[in-house]
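Below: one structure, written as structure tokens.
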Amino acid sequence: AAGVIQSPRHLIKEKRETATLKCYPIPRHDTVYWYQQGPGQDPQFLISFYEKMQSDKGSIPDRFSAQQFSDYHSELNMSSLELGDSALYFCASSPASRGESYNEQFFGPGTRLTVL
Amino acid sequence: AQKVTQAQTEISVVEKEDVTLDCVYETRDTTYYLFWYKQPPSGELVFLIRRNSFDEQNEISGRYSWNFQKSTSSFNFTITASQVVDSAVYFCALSLYNQGGKLIFGQGTELSVKP
């Protein structure tokens, strides 16, 4: 069965650079979530999209932006990278209708971002 | 405010022992969903179970079982006859109905099963 695809799997950047993380949800899933997991931390919700519109926003820095495209894939753009942005970034997709919570989220393998 | 607490940061057991991972949640909402995820050393998040707030039936899946008690706001997870492959970080999570599905995670419990 198809799973959530994230690319790249690993990314190394310098401070103040920009990074773009991509997420390809499971086919026919219309909801995408982004989470950030720092070292030894639990995943923290950043932002979500339903049918290409932002549906919810968490603790996402202003330096980050995201969008969902017509083919439902999503990109997380991160600018002016800081050392503290080093983390595992997860994308999850859900077949939820109108973002209803009862559906489980299927997580991608994550992108490990290292900022030097 | 919503919150999930996993008081056990680390647990170490010997293979074949039973182990229970505790999860306590806080919410004023009456409709919500509880989850458990496993994160092995490779880093991916593996879905284990989802339970809605109206279903307090305990569930068993092989060596895994879950005990949901609304009276104590707990959703505990037991692994029977643990195996080395069970070694991972386990996260309990909460989502609220009509809040878009975002997951609120607990701090995680790192389980180490030694041979």
For A:MET53 the rounded accessible area (nearest 10 Å², probe 1.4 Å, non-protein molecules ignored) is 130
Debye log10 I(q)/I(0) at q = 0.12, 0.15 Å⁻¹ for segment B:54-115, Cα point scatterers: -0.39, -0.59
Can you classify chain B as rounded, prolate or oblate using the Cα gyration tensor, where a ≥ b ≥ c are the square roots of its eigenvalues, rounded means a/c under 1.5, and otherwise it's prolate if a/b beats b/c and oblate if not? prolate
Explain nothing, just the number: relative contact order of chain B, from Cα pairs under 8 Å at least 6 residues apart, as a whole percent. 38
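Given a Förster distance of 35 Å, report the FRET efficiency between A:ARG112 and B:SER71 from their Cβ-Cβ distance, rounded to the nearest 0.05.
Efficiency for this residue pair is about 0.30.
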For B:SER112, distant residues with modelled amide H under 5 Å away: B:ILE11, B:SER12, B:VAL13
Could you tell me, in Å, what Rg and Dmax come out for the Cα atoms of the protein assembly as shown? 17.7, 51
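Leaving out ligands, DNA and RNA, and with a 1.4 Å probe, what % of the accessible surface on the protein assembly as shown is carbon or sulfur? The partial results should precede the final answer.
Details: 5300 of 11150 Å².
Roughly 48 percent, rounded to a whole number.
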Reachable lysines from B:LYS114, criterion Cα separation under 29 angstrom, eight or more residues apart if same chain: B:LYS16, B:LYS38
Which of the aspartates and glutamates could be linked to A:LYS13 by a straight reach, that is with a Cα gap under 12 Å, when you skip same-chain ones fewer than 8 residues away? A:GLU82, A:ASP85
Under a cut-off of 22 Å between alpha-carbon atoms, report the lysines in cross-link reach of A:LYS52, not counting same-chain residues fewer than 8 places apart. A:LYS22, B:LYS102
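What net charge is computed for the residues neighbouring A:PRO8, neighbours being all others with C-beta under 13 Å from the C-beta of A:PRO8, Lys and Arg scored +1, Asp and Glu -1?
On the way: positive: A:ARG9, A:LYS13, A:LYS22, A:ARG112; negative: A:GLU75.
After counting each charged neighbour, the total is +3.
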Residues of segment B:78-110 with backbone N under 20 Å of the label point set 7 Å from the Cα of A:GLN41 along Cα→Cβ are B:89-95, B:102-110
FRET efficiency, B:THR80 to B:ARG28 (Cβ-Cβ, R0 25 Å, nearest 0.05): 0.15
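Thinking of chain A as a set of Cα atoms, what percent of all their pairs are more than 24 Å apart?
19
How much net charge surrounds B:LEU96 when only other residues with a Cβ under 10 Å from its Cβ are counted (Lys, Arg +1; Asp, Glu -1)?
Details: positive: B:ARG28, B:LYS102; negative: B:ASP29.
That sum, taken over residues with Cβ under 10 Å, equals +1.
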With a point put 7 Å past each Cα toward its Cβ, work out how far A:SER7 is from B:SER61 in nm, to one decimal. 3.0
Pop out the ³J(HN,Hα) list for segment B:44-50 in order, Karplus 6.51 cos²θ - 1.76 cosθ + 1.60 with θ = phi - 60°, rounded to Hz; leave Gly and Pro as x. 6, 9, 10, 5, 10, 7, 10
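The values are calculated or read from the model by the stated rules, or taken from the named source; none is laboratory data. It should be emphasised that the depicted structure is a prediction, and the values quoted were computed from it without experimental measurement. All Cβ positions, even for glycine, are placed from backbone atoms using ideal geometry, and neighbour counts span all protein chains on display. Side chains are part of the model used for accessible areas, which takes the heavy atoms of the whole protein and leaves out ligands, DNA and RNA. Shrake-Rupley method; radii C 1.70, N 1.55, O 1.52, S 1.80 Å.
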